[in-house]
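Please read the structure below before turning to the comments.
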Amino acid sequence: MKKTILSFFALLLSMMVLADTPKVVLDFTTDDEWGIGGSSKAKNTTDASFTNNDEYTITMLVKSVSGFYYFDQSKHNLMFGEKFAAMQLPTFDFKVGRIVVDAQAAASTVRYDILYDPANKDNTVTDGSQLGPDLHTFTIQENYQAAGTTYYLTATTKANMRVSKIEIYEVVEGAPEAVTFGTEGATFVTPQDIELFCETAGAKIYYTLDGSEPTASSTLYTGAVTISATATLRAIAVVNGIASPVTEQTYRIVDVPRLGSEEDPFIPNDILAIGEGLAGKYWVKGVVIGSYPKNAPDTEVDTVASNIAIAIGTDTIPVALTSGSNARTALNIKDNPSIKGQTVAVYGNIEAYKKTIGVKNVTKYAILGNDASALIETIREAQAGKKIMLGGQVYILHDGELYDLNGTRVE
């Protein structure tokens, strides 16, 4: 009798997992199915529709004269772009609960989303856009799940999309609410404890960290999940054998030696290693070497008041100085030429800026003067014995060490 009961529950569990498989799969890994054709040099500037062997029709919508779409035979995916270029998905006769997009070859900077108006990224039907190449789950908001709804997979940034496969999942009636996350996915420099929630009473939460689809056989959530290395946390809630849609967040953990605090500020090398997506504001320290007017540091001429370039060693990043801010008044090199060569610390957001990564929205700053540790690193590669003007003072560099004109080594 016990064996029979166990067999029944095993069968029930397998049925639940099977019920969570996609209703429709749009596969672009071979051009034979869709007949889109083209090559890496093809540029199509008019909208066009294509039907696969299963008689599902997609329509490629081009939103600019530079837009295009084609099947990339070398990477086995459908490419289209640029900003607001979209793929109009088939209209389904069932309620869509989630759409999973495999964009493994998409540019790392592209953001994409499922919209109901492909010309407006704010008209999302999901929880928001996703960034870069990956297998992303877009959970459809309940008021956009009705059968017959038209969805548009859209590039919401100026970059090209590459899509290998799209999976469409039907809403399971009676399913619990989707799992929500106490912390949104982002980049962090310390491990994160992520809490998971489900508003449905009695629901159990199961999760994975390896990118696989969570099932009732996955790890049972019993407390905050510690993320100590970059991972995608995917989760479902289960009640009475019925699973919720899968939700996910990606947490990127970057190992840098500093914390970005006022006592332990980042340096440019840290910022370049961290890249985009770091949540919150941080302190960053560096030597002012000039301004950053044309997407590259300018140490000699054409100084501007809108930004500065700070460096330690050969690593340089731009710092945006907001118009009307105290930081611009105090730090811009155009009005304050003596700031060049001095070490400063700024407190702001780590974001894309001037075609690289920099500091924006600076709300606090400190002028540290001739901070020896930063100065030595910044000029260590200079010619031995060369006189250098830093913060209005003349120094001499010899064998990698900094000396004043009296021959006293600067500590």
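Throughout, read-outs are computed from the coordinates displayed, never taken from laboratory work. Computed from a prediction, not measured in an experiment: that's the story for all the values here. Heads up, the Cβs are rebuilt from the backbone with ideal geometry, glycines too, and the neighbour counts pull from every protein chain shown.
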*Take K165, K364 and order them by how many other Cβ atoms sit within 10 Å, fewest up front.*
K364, K165
*Quick one: give the max-minus-min coordinate of the C-alpha atoms of the range 168-241 along each principal axis, largest first, in Å.*
40, 27, 21
*Place the peptides 283-294, 171-182 in order of packing, highest mean first, counting for every residue the other Cβ atoms within 10 Å and averaging per peptide.*
283-294, 171-182
*State, to one decimal in nm, how far the label point of L220 lies from the label point of K158, with both points 7 Å from Cα in the Cβ direction.*
5.2
*Set of aspartates and glutamates near K334 by C-alpha distance (under 17 Å), chain-local residues within fewer than 8 positions excluded*: D298, E300, D302
*Order of T226, T363 - criterion: other Cβ atoms within 10 Å of each residue's Cβ, fewest first*: T226, T363
_Order of Y347, Y282 under a 10 Å beta carbon neighbour criterion, fewest first_ = Y347, Y282
_With a cut-off of 8 Å between alpha carbons and a minimum separation of six or more residues, what is the relative contact order of the range 21-170 in percent?_
30
_Summed residue charge, Cβ within 12 Å of R162's Cβ, Lys/Arg positive, Asp/Glu negative_ = -1
